[in-house]
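The values are calculated or read from the model by the stated rules, or taken from the named source; none is laboratory data. Computed from a predicted structure; not experimentally measured. Because the Cβ atoms are built from the backbone with ideal geometry, glycine has one as well, and the counts that use them run over all protein chains shown.
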Amino acid sequence: MNFVYERFLGGKNGALAIAILAILILVIFPLFLDAFRLNLVGKYLTFAFAAVSLVLLWGYGGILSLGQGVFFGLGGYAMAMFLKLEASDPESTKIQTTPGIPDFMDWNQLYELPWFWIPFESFTFTLLAIILVPSIFAFIIGYSMFKRRVGGVYFAIITQVIAVILTVLIVGQQGYTGGINGITDLKTLNGWDIRTDSAKLALYFINALLLLGVIMLSKFILTSKFGQLLLAMKDKEDRVRFSGYDVSNFKIFVFCVSAVIAAIGGAMFTLQVGFMSPSFVGIVPSIEMVIFAAVGGRMSLIGVVYGTLLVNFGKTGFSETFPELWLFLMGGLFIAVVMFFPNGLAGIWNKYAPKVPFLRPLVNSSTNAETKSAPAKIESESTIEPESTTEGAKS
Amino acid sequence: MSYFSRRKFLGKTGALLSAMVAAGFITSTAMAADYPTAEVNTTGLAVTDDTVTVGILHSLTGTMAISETGAQEAEKLAIKQINESGGILGRQIKIIQEDGASDWPTFAEKSRKLLRNDKVAAVFGCWTSASRKAVLPIFEQENGILYYPTFYEGLEQSKNVIYTGQEATQQILAGLDWVAEEKGAKTYFLIGSDYIWPRTSMKIARIHIEKVLGGQVVGEEYKPLGDTQFGSIINRIRLRKPDVIFAAVVGGSNVAWFKQLNAAGITSKNQTLLTLSVTEDEVLGIGGENLEGFYSVMKYFQSLDNPNNVEFVKAFKEMHGADSVIGDVTQAAYLGPWLWKAAVEKAGSFDIDKIVEVSRTGEIELDTAPEGYVKLHPNHHLWSKTRIGQWNRDGQATVVFESDLIEPNPFPEGYQ
Amino acid sequence: MGDFSLQELTSILAMQGFVGISLFSVLLLMALGLAIIFGQMGVINMAHGEFMAMGAYTTYLLSVMTQTYFPELMNYYFLIAIVASFIVAGSFGYLTEYVLIRHLYKRPLDTLLATWGLSLIMQQSFRSFFGAREVSPTLPDWLMGSWMPTDSIFIPINGMFVLGLTGFVTLGVFLLMYRSAWGLNVRATTQNRVMSGAVGINTKRVDRLTFALGCGIAGIAGAAFTTIASTGPTSGSLYIVDTFMVVVFGGAASLFGTIASAFTIAQAQSILEFFISSSMAKVLTLLTLIIILMIRPEGLFSSKVRK
């Protein structure tokens, strides 16, 4: 029990922070928000998965992926394929040339289900695919990049290009993927109508619990020896390598884990929003996920959840009242965070909360330690030469 | 939440109209008394004794703002005019405007907000098929009604959507018939952006060319959205020497396509080109000099010479500036509020089910549409005429052909 | 395809060849500004596309002004517009470096994010000032149409113009970087910043001017592309991925690498496109690039840089 307490929750302060988050999303939101707003929060929380995945990858691993939408999309599409097959039973698609296949296939002159769709008739397979497809994909990319010591800006650009490739493929192969419209009109999950209010409420709780679970699991990973090494690697990669560790394996592992986390978010997104489209795979959503993480605090698993919520509430609120101003604000926020608050909300909290007497007990000492190390890093960097842009050029 | 934009809208036009509106209120209270709120609104929509609230849902930001600006301007104009003439069942229309931000889940989210939280009586909005597909399940589930203005690929018919633009066969078949007859075209080169609307349109075009017109398709090409390099395709066109280029390229690609075509020496002097995707709005970006002499097939052109249209163009320019241009979709969007008014008045109720019921009768019609007489088909699409316009250097088209009223057929037999 | 004479086929081959060259010049012009900045500071400027759009809008403004006030000068305004675009985008770049970039040199990934934020702001500014719709600068007549060396060969004049401009700009960059005292300072700073500072080079000034130069060239590219593509608030984003690929594939700090990379990508794309669908051609080209980058992570050519 003590093990769980220390490692999954991060000690007293960590447990308190998670408890506060849990109370907020499990009790306060459902109590005070109407069904519509709650569903919105549910959608935002699916993006929080991607933000959490970026804490592992970017905050601790120092690897910036601008293609996290790829994994979000893979998870989302896997779930959407299953739901679409269930929604396309021969009865409800009887006006089609070929009943029983998804409507967009029928419009594109496909007369039978493509082979890679067939396994998605099984729910078990779909669940496995949500985990395995992104991790295998991430493994392939990670293996070929990190073994060759590609990193930094290069890795960011390459992941971005992968996001573009996948978008072009999905849009171009519309007979197999639903094209730019995506996979829409999803109805039931194993017979359970996911469009009703009660289903949406249930899905909200499943989503929130999964998110808390993922945060605790990530905490476990980060408090392990692996987490320490990851942080060490980010600051002084060569020293870790010379100490006898295979740095690339750690990077591949953390990339795969972050891919799976983002994919779970994608699958939950499909369930709650009711469709999946290529607009969640491309460059813009991928960078927005990075924004969420940056605003929340790239070193704080809890902070990024608040960051995601804040940015998305801002986006919805502002685009309802001042649509013209939203992009100015978003851009400005982003620049401000990068320039003045590199540790985001979590950094601000840790800096100012201790000065307020009654907030002092709430300050998370472990995130405090995290954020202490980060500015220290930036300072230390300023005394040395700039980071190399490719690890390859370094060697 | 969108009081800001509504107030801005009212502020813009308010001063000018206050006298007329005041007069309208007097008649409207008299009329509203004939239609007690409890009777005309049995499902809890946002209808009071003197107002009814509707939603406008278009992209004001993001990549689609380019296209959707005109549509939402037209919808506001129509609503303003309806209010000036006394409103609907004696009630003034209030607008709640939402920004879809060129993002499909945002469209879904906002439509759910409009229907569920604001209880709007009708929504005018969406532009792309993707945004319509995203909101469709919500309109069906919440039982709202959407007036959708864009010409689109068909293959859809929902009880909760009224399609005020043309479906693919209405637009395409008449255009191809004209080009085959008038230009004696035998060989066709099809080119479009790579997504569902051009692909479905080209599929219909190919079947029509091969099976009905006895012509030949000598090439079919699709460019990824946003691609701006057309050199290789232009060379392939040269290799195949088609009588007609039939094009459905959209967005930024569309501009690049015409500029590069022109620069490569393919102009109306030596090539017939018929496009599905150029309205007056697009010409602004493409430049009239790059389009001169090419043909568009649409149901509406700003230059249409009939009293309704002259008045519409004048009113539109008064409200949104003398420089504004009006394209096919803008006009179709303008029809939305008017068609809704016709349906509500026929039904004597704002209830969605009753509006759907009268829409199904096929008797909702408009004599005052800028494009001329239109009638709502029981399949929720409009009977409309298809026209061919030839572009001039000044960005306006000369209408060279006008069909009879064409029956909408979103699920065309033999073309699927 | 039996009814083609040999002459027609050769003509098409020649024109297809020009398509490749033309695409090459477009990619190079797009990437040049970014490559200079990337080579100098290891920073990818995500707002590069917006600096291009800035050049395009400058051209549009000048076209409207010329048409209104000096219609007789319509034939010449475009040349002025190119210079103006360079100055406008360059000055804004200078400002950007001063306000934003110089605080972030030690954090290249954060620069990526900050410039993304900047690009959002710039896009919305374009939309607020010029409207959401695309605009089209009226082109002078001499830029329209095509040149016909034979009856059946059509070479687009705007394509030749972009090619010529690219050659001119590239030559200018070459002379500036490799044949001028200032270029020596730039290269010295790239190779060893601390040492350069120690021998009296004002490295901060070098950075600022390099960034301004890169943005200015983006402005020129934007002005040139009004002849072949669209001008709208988001048109800059149409180019960014291609531009990044050219720069990353070419390798840092190498003008020659950027040229070679633009050439390879352009040829691959235009040849593939002639045979398979455009979407697949794009996917294949990008995939191949990624695979090559896995084998040579430092890009095609990279000068030996001591970090």
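In segment A:186-217, of all residues being of a type in the set (Val, Ile, Thr) and in contact with a helix residue (DSSP H, G or I) (Cβ under 7 Å, 6 or more places away or on another chain), the one that is farthest from A:Leu26 (Cα to Cα) corresponds to A:Thr188.
Residues of segment A:105-127 that are part of a helix (DSSP H, G or I) and farther than 30 Å from B:Met202 by Cα: A:Pro119, A:Phe120, A:Glu121, A:Phe123, A:Thr124, A:Phe125, A:Thr126, A:Leu127. Summed over segment B:197-237, the residues that are within 11 Å of chain C (Cβ to nearest Cβ) and either out of contact with any strand residue (DSSP E or B) (no Cβ under 8 Å at 6 or more places or on another chain) or not hydrophobic (A, V, I, L, M, F, W, C) (or both) give a count of 14. Among residues belonging to segment A:310-351 that are among the charged types (D, E, K, R) and more than 7 Å from every other protein chain (Cβ to nearest Cβ), point out the one that is surrounded by the fewest Cβ atoms within 10 Å (Cβ to Cβ). Ranking the qualifying residues of segment A:310-351, first place goes to A:Lys351.
Candidates C:Ile80, C:Ile21, C:Ile37: the one that is over 18 Å from the mean Cα position of the chain (by Cα), in contact (Cβ under 8 Å) with a residue 12 or more places away in the chain and assigned to a helix (DSSP H, G or I) is C:Ile80. Within segment B:112-128, one or more residues are surrounded by 24 or more Cβ atoms within 10 Å (Cβ to Cβ), under 23 Å from B:Gly62 (Cα atoms), under 15 Å from the mean Cα position of the chain (by Cα) and within 10 Å of chain A (Cβ to nearest Cβ). Restricting C:Ala132, C:Ala81, C:Ala89, C:Ala53 to those that are out of contact with any Gly (no Cβ under 6 Å at 6 or more places or on another chain), surrounded by 23 or more Cβ atoms within 10 Å (Cβ to Cβ) and of a type in the set (Gly, Ala, Ser) reduces the list to C:Ala81. Checked against the criterion of being farther than 30 Å from A:Phe253 by Cα, facing another protein chain (nearest Cβ under 7 Å), of a type outside the set (Val, Ile, Thr) and part of a helix (DSSP H, G or I), segment A:188-200 has no qualifying residue. For segment B:167-184, the set of residues classified as within 23 Å of B:Tyr148 (Cα to Cα) and small (Gly, Ala, Ser) consists of B:Ala168, B:Ala174, B:Gly175, listed by residue number. Per the conditions (1) under 21 Å from A:Met299 (Cβ atoms); (2) modelled with pLDDT under 90, the sole criterion not satisfied by A:Ile20 is (2). If the condition is being more than 9 Å from every other protein chain (Cβ to nearest Cβ) and either crowded, with 24+ Cβ neighbours inside 10 Å or out of contact with any strand residue (DSSP E or B) (no Cβ under 9 Å at 6 or more places or on another chain) (or both), then segment B:249-260 contributes B:Val249, B:Trp257, B:Phe258.
Of the residues making up segment A:30-46, those that are in contact with a Gly (Cβ under 9 Å, 6 or more places away or on another chain) and at pLDDT below 95 number 0. The residues listed here are C:Thr210, C:Thr189, C:Thr203, C:Thr231; of these, the one that is within 14 Å of chain B (Cβ to nearest Cβ), polar (S, T, N, Q) and in contact with a helix residue (DSSP H, G or I) (Cβ under 8 Å, 6 or more places away or on another chain) is C:Thr231.
In this entry, A:Val260 passes the filter for residues that are away from every other protein chain (no Cβ under 14 Å) and surrounded by 20 or more Cβ atoms within 10 Å (Cβ to Cβ). B:Asp177 meets all of the listed conditions (1) in contact (Cβ under 8 Å) with a residue 24 or more places away in the chain; (2) surrounded by 22 or more Cβ atoms within 10 Å (Cβ to Cβ) but one, namely (2). Residue count for segment C:109-126 satisfying the condition of being within 19 Å of the chain's Cα centre (by Cα) and facing another protein chain (nearest Cβ under 7 Å): 4.
Among helices (runs of 4 or more DSSP H) entirely within segment B:272-347, having at least 1 residues that are buried (at least 18 other Cβ atoms within 10 Å of the Cβ), in contact with a strand residue (DSSP E or B) (Cβ under 9 Å, 6 or more places away or on another chain) and aromatic (Phe, Trp, Tyr) singles out B:328-347.
Listed here are the residues, each with its yes/no results for (1) of a type in the set (Phe, Trp, Tyr); (2) more than 8 Å from chain B (Cβ to nearest Cβ); (3) under 22 Å from the mean Cα position of the chain (by Cα).
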{"position": "C:Leu95", "(1), (2), (3)": "no, yes, yes"}
{"position": "C:Arg107", "(1), (2), (3)": "no, yes, no"}
{"position": "C:Phe130", "(1), (2), (3)": "yes, yes, no"}
{"position": "C:Ser136", "(1), (2), (3)": "no, no, yes"}
{"position": "C:Trp147", "(1), (2), (3)": "yes, yes, no"}
{"position": "C:Gly159", "(1), (2), (3)": "no, no, yes"}
